[in-house]
Amino acid sequence: MAEKKPRIEDSRKDNKTELANKIAAQSQKVARTYANIEDAVIRVTRFVSSVIDKILFNRKYGKLTALVLAVLMYFVVNFNTVSSMYSSSLRTAKDLTDLPITVKYNSDTFELSGLPDHVDITISGDASNVTSAANSDGRIVADLEGLSEGVHEVRLKAEGYGDNVNVRIDPSNVRLTLKKKTTQQFDLSYDFINQDKMDSVFSVGTPVFEYNKVNVRASRDTLDSIAFIKALIDVSGKESTFTQEARLVAYAADGNPVSVDIVPDTVHVEVPVTSPNKTVNIEVEVTGEVQDGKAIQSITIDQQTVTIYGSETALSSVDRVVVTLNASSITKDSTILRPVVLPAGVNSSNINQVTMTVQLGERASRTIDDVKLRFKNNVNNYKVSHPENKTTTSVTVYGTAENIEKITAADINVYIDMLDAKPGLMQFPLQVDQPTNGLVRYSLTESTYELNVLGETNDGTDDNKGADVNNG
């Protein structure tokens, strides 16, 4: 063991020597690198200095040198101005449109006209201040306090936008008129609103108002323009008699609202709600003709009657409802769904459509003689004489054989319209009423008829001078 220790110590000495040598070599390398860099910097500095000397002290580049120096001096002297220009780039502007105008005036005494409904403004200043002002509760004010009756030029003011921004108003000045108000009494009328939101089986009656006159306060010119004051009664969802505080509105003759003070501005009203109804027959009305040598043999519908709803006045004049059918669209036996056509004034019905079954047959014809001539619109009560005492005509009937056999001369109405009749010999067109059920169709065998219109008026009896024509 004692013999090995010297070897360890020798090894350590060798390592230290080697490390010292490496450090020394690295230091020399770093020193050489620094020396090289220093030498390069010196060479570059000398080169730049030489170039500058050549430019500054060379007449060839004298003007360029002077320009560069002048620019540098300008920026040094005007540094504050340039800084201000840069800072101004942070300023901005924002437009706000359709802003309402707040008016300060005695609205109980004066009526105001001529003031625009809205104005536009432009807010300018620092970007942050403009954003804050645009989101503020600022307002545009027209201060009329202290002004008397008449026409005035008023400057609008911006309030509440802050002192750090500039507000430009467009228009900034307005020309307006103040008129003293007076009071006049008007009768009340009414309108029902939202009727489309009321079940159509119900009908509203005549409303009963707590009072029938109201006081309206406005200028004399405005009062003269009022045609009526209406209570707007809301009937949406109503199914029985109801009461309501109805809003009052003044209207001009053209139907446009008029801005006035109505005292009071509502009226208590009671409105009866009923459900008048009536059951009537359903009838089919046929237009056009079946083509290809066919005719309608029969039409049957699945509903014979319908219950209709509306006002009592409207229902009193209705004795039927119709379902229409265009025969020219039918080419074979068909089952067709058709809507029920409600008369004017009828709001609704218990059925909206019917199913009709249409059967066709071969078309035939038959001529019926001795159809009596009738007269219409003999407003002057003329008598007429018939050439050769002819008072009848012939009519050809078209339809299926079964249907035309049922027709007699008494079923056919052939007439002469005497509305434009004048005394003397006249040619009149013959006209015939067509059946609406579409089962048969009439065709006249002669289109005109000659009559001698007598100047004497008819006394209601027949005599040898002329025929009674009041039978149409």
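Readers should treat all values here as calculations from the given coordinates under stated rules, not as data from a laboratory. In this text, all values refer to a predicted model and were calculated from it rather than measured experimentally. Methodologically, a virtual Cβ is constructed for each residue, glycine included, from the backbone with ideal geometry; neighbour enumeration extends over all protein chains shown.
Some points to look at:
- Overall form of the stretch 149-244 per C-alpha gyration tensor (a/c, 1.5; a/b vs b/c): oblate
- Annotation: peptides 92-100, 439-447, ranked by per-residue average of other Cβ atoms within 10 Å with the highest first, follow the order 439-447, 92-100.
- Most simply put, the chain has about 85% antiparallel DSSP beta bridges, counting only bridges with both residues inside it.
- For the chain, the relative contact order works out to 9 percent when only alpha carbon pairs closer than 8 Å and six or more residues apart are counted.
- Unsatisfied cross-links (Cα-Cα over 29 Å) in the set Lys332/Lys372; Lys238/Lys278; Lys376/Lys406; Lys383/Lys406; Lys181/Lys213; Lys157/Lys230: Lys332/Lys372; Lys383/Lys406; Lys157/Lys230
- Peptides 37-44, 132-139, 231-238 ordered by packing proxy, namely the average of other Cβ atoms within 10 Å per residue, highest first: 231-238, 132-139, 37-44.
- Sequence-separation-based contact order of the stretch 230-343, relative, with Cα cut under 8 Å and 6+ spacing, percent: 24 percent
- The stretch 289-414 shape via C-alpha gyration tensor axes, a/c threshold 1.5: oblate
- Approximate shape of the stretch 278-362 as ellipsoid semi-axes (Cα gyration tensor, √5λ), whole Å, largest first: 29, 11, 9
- Cα-based reach from Lys104 at 17 Å (exclusive), listing aspartates and glutamates while leaving out same-chain residues under 8 positions away: Asp117, Asp143, Glu145, Glu149, Glu153, Glu159
- The stretch 91-198: C-alpha gyration tensor shape, a/c 1.5 cut-off, then a/b vs b/c: oblate
- Net charge, Met198 excluded, C-beta distance under 11 Å - Lys, Arg +1, Asp, Glu -1: -2
- Protection proxy ranking, highest mean first, for peptides 387-393, 305-311: 305-311, 387-393, where packing is the per-residue count of other beta-carbon atoms within 10 Å, averaged.
- For the stretch 132-155 versus the stretch 162-213, the spacing of their alpha-carbon centroids is 23 Å.
- Calculated [222 nm] ellipticity per residue, helices only, for the chain: -7000 deg cm²/dmol; basis is -39500 (n - 2.57) per DSSP H run with n ≥ 4, divided by all residues, nearest 500.
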